[in-house]
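To start, the structure under review is shown below, and the notes come after it.
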Amino acid sequence: MTKDEILEKLQDVFRDVFEDDELTIHRASSADDVEGWDSLMHVSLMINVERAFKAKFSTTQVASLKNVGELVDLLESRQAGASGGPA
């Protein structure tokens, strides 16, 4: 899955979690850019991301994410590692 495909799939997860079919995210998007993205919604978002991508993240990994782009990169590295490529 390419970074663009990951971002597109994340877009669907964000729209579902935030119940906003018009929500548009970009690599630079962060909690400051999305209405309602507080700590409680962040937990719900990450649970839904883990389900959608069949991935698990440590608390440290989740806490270190600064924006959507870093989440895309993390998901891409997880997929590369799962397929035997470089992690």
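Quick check on region 27-35. Is at least one of its residues outside any helix (DSSP H, G or I), of a type in the set (D, E, K, R) and modelled with pLDDT under 95?
The answer is yes; a qualifying residue exists.
Would you confirm whether any residue within region 41-52 is out of contact with any strand residue (DSSP E or B) (no Cβ under 6 Å at 6 or more places or on another chain), outside any helix (DSSP H, G or I) and surrounded by fewer than 14 Cβ atoms within 10 Å (Cβ to Cβ)?
The answer is no; no qualifying residue exists.
Within region 1-34, take every residue that is among the charged types (D, E, K, R) and under 20 Å from Lys54 (Cα atoms) and give me the one that is surrounded by the fewest Cβ atoms within 10 Å (Cβ to Cβ).
Asp4
With (1) under 13 Å from the mean Cα position of the chain (by Cα); (2) modelled with pLDDT of 95 or more; (3) surrounded by 15 or more Cβ atoms within 10 Å (Cβ to Cβ) as the list, and Arg78 as the residue in question, which single condition is left unmet?
(2)
Find the residue count for region 26-54, including only residues that are within 12 Å of Leu71 (Cα to Cα) and hydrophobic (A, V, I, L, M, F, W, C).
Residues meeting the conditions: 5.
For Ala63, indicate whether it is surrounded by fewer than 12 Cβ atoms within 10 Å (Cβ to Cβ) and touching a residue at least 40 places away in the same chain (Cβ under 8 Å).
no
Identify, please: which residue in region 58-73 is among the hydrophobic types (A, V, I, L, M, F, W, C) and in contact with a Leu (Cβ under 7 Å, 6 or more places away or on another chain) and is, among those, farthest from Glu8 (Cα to Cα)?
Leu65
For Leu74, work out the one condition from (1) closer than 14 Å to Glu5 by Cα; (2) of a type outside the set (Ser, Thr, Tyr); (3) out of contact with any helix residue (DSSP H, G or I) (no Cβ under 7 Å at 6 or more places or on another chain) it doesn't fulfil.
(3)
For region 5-15, indicate whether the set of residues that are part of a loop (DSSP other than H, G, I, E, B), touching a helix residue (DSSP H, G or I) at 6+ places or on another chain (Cβ under 9 Å), in contact (Cβ under 8 Å) with a residue 40 or more places away in the chain and of a type outside the set (Lys, Arg) is non-empty.
No - not one qualifying residue is present in region 5-15.
If Phe57 satisfies every condition in (1) touching a residue at least 40 places away in the same chain (Cβ under 8 Å); (2) outside any helix (DSSP H, G or I); (3) surrounded by 14 or more Cβ atoms within 10 Å (Cβ to Cβ) but one, which is the exception?
(1)
The values are calculated or read from the model by the stated rules, or taken from the named source; none is laboratory data. As the structure is a prediction and not an experimental result, all values here were calculated from the model. We place every Cβ from the backbone using ideal geometry, glycine too, and count neighbours over all the protein chains shown.
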